[in-house]
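The values are calculated or read from the model by the stated rules, or taken from the named source; none is laboratory data. It should be emphasised that the depicted structure is a prediction, and the values quoted were computed from it without experimental measurement. Here the Cβ positions follow ideal geometry from the backbone for every residue, glycine too, while neighbour counts run over all protein chains shown. Please note that ligands, DNA and RNA were not included when accessible areas were found on the heavy atoms of the full protein model with its side chains. Shrake-Rupley method; radii C 1.70, N 1.55, O 1.52, S 1.80 Å.
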Amino acid sequence: MNYFPITFVLMAVTETLLAAVMSGVNHMTDGQEIEENLIISRRRAISEHDHRTDSAYAGILGDEEELDEIKHLEPSEIKPRMTTILKTMDINENGLIEKNELLEKLLDSYRKLSAEESDAEFLTSDLDENGYITWKEYVGDTYGSSEHFDDEMTEDEKQLFLAADVDKDGHLNKEEFRYFYTPEDYPHMQPVVLHGVMNRFDTDKNGKITFDEFIGDRRTEHTEEWLQEEKTKFIEELDVNKDGVLDEEEVHDWASPNNNMIAESEAENLILKADKNQDGVLSFDEVLDNYHTFISPESEGYYIFRDEL
């Protein structure tokens, strides 16, 4: 089976983040819409990675049997198991789930989610089943043939592959493949991700992105009014140092997914939905009384409980 190439996923993340930043809400004063779009972008990136499409929820990687088991549990079975999980989340043992405790659990679940999907992809891409993936194996599995082995269209992917090969032995082990598969999750891969974004937008290769480069082909798809609105936002929001262009630091700010920001927004959403007495924290009873919110595939909370229930 063939899968979306890594650069396609990075492109989807970048474009969704771009839409978020360039939305109608000024993120300098109100970040709610941007945060919501960041959540969507993260789930969409995961969805593009996920070759198992049996779940309607972009962030779920559980197999069909696991999903069916959770789906058919009775409340009397779910709540005791959730209570055990809540106790492990309650770091200060005060009987409450505070925002920072929820945040840490969400971040941990993101890491596990990325690793799980990467490992599944590793198994399918390791064509000779020797525990390593070469560049040629990856190209053959992704594109169905080796015709793109040295193709210009795969150059950004190849640079990611080379950067992920930290021991420089010419192939990727399972851990290194994680660096390649979700490079945005690993600091040492960030420069290569940034290079790929710059390579795509910086058409004159001067290390900066002008407004015209930033808009690119989208210019023909929208009205002149839209174009003026985008230019205003480019100048007032993205061009932090007001020099008329985006340098690499400014590009990094809008092109790199921020898991902390996403998790914080999801934690706030879960508290808002379940915090009956509106004290800013969740009692165990509040979570259990709203357990559907936390285990529904449409909920942010499903990240937390999907593996442990």
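Restricting attention to region 74-90, the residues that are open to solvent by 80 Å² or more (accessible area, probe 1.4 Å) and of a type outside the set (D, E, K, R) total 3.
For region 206-228, does any single residue satisfy the condition of being open to solvent by less than 10 Å² (accessible area, probe 1.4 Å), of a type outside the set (A, V, I, L, M) and closer than 30 Å to L102 by Cα? No, because not a single residue in region 206-228 is open to solvent by less than 10 Å² (accessible area, probe 1.4 Å), of a type outside the set (A, V, I, L, M) and closer than 30 Å to L102 by Cα. The set of residues in region 91-103 that are free of Cβ contacts under 8 Å to residues at least 60 places away in the same chain and surrounded by 15 or more Cβ atoms within 10 Å (Cβ to Cβ) contains only E101. Entry remark, region 276-285: residues being open to solvent by 20 Å² or more (accessible area, probe 1.4 Å) and closer than 21 Å to T88 by Cβ number 4 in total.
Does I271 fit the bill of being modelled with pLDDT under 90 and either open to solvent by less than 30 Å² (accessible area, probe 1.4 Å) or in contact with a His (Cβ under 7 Å, 6 or more places away or on another chain) (or both)? No. Residues that are hydrophobic (A, V, I, L, M, F, W, C) and within 30 Å of Y291 (Cα to Cα) within region 225-276 comprise M261, I262, A263, A267, L270, I271, L272, A274, listed in sequence order. Does Y179 count as within 18 Å of D165 (Cα to Cα), out of contact with any Asp or Glu (no Cβ under 6 Å at 6 or more places or on another chain) and surrounded by fewer than 19 Cβ atoms within 10 Å (Cβ to Cβ)? So Y179 does not fit the description; no. Inspect all residues belonging to region 243-252 and state whether any of them is open to solvent by 80 Å² or more (accessible area, probe 1.4 Å) and either basic (K, R) or modelled with pLDDT of 90 or more (or both). No, there is no match, as no residue in region 243-252 is open to solvent by 80 Å² or more (accessible area, probe 1.4 Å) and either basic (K, R) or modelled with pLDDT of 90 or more (or both). Looking across D156, D141, D169, one residue alone is open to solvent by less than 80 Å² (accessible area, probe 1.4 Å) and without any contact (Cβ under 8 Å) to a residue 12 or more places away in the chain. It is D169.
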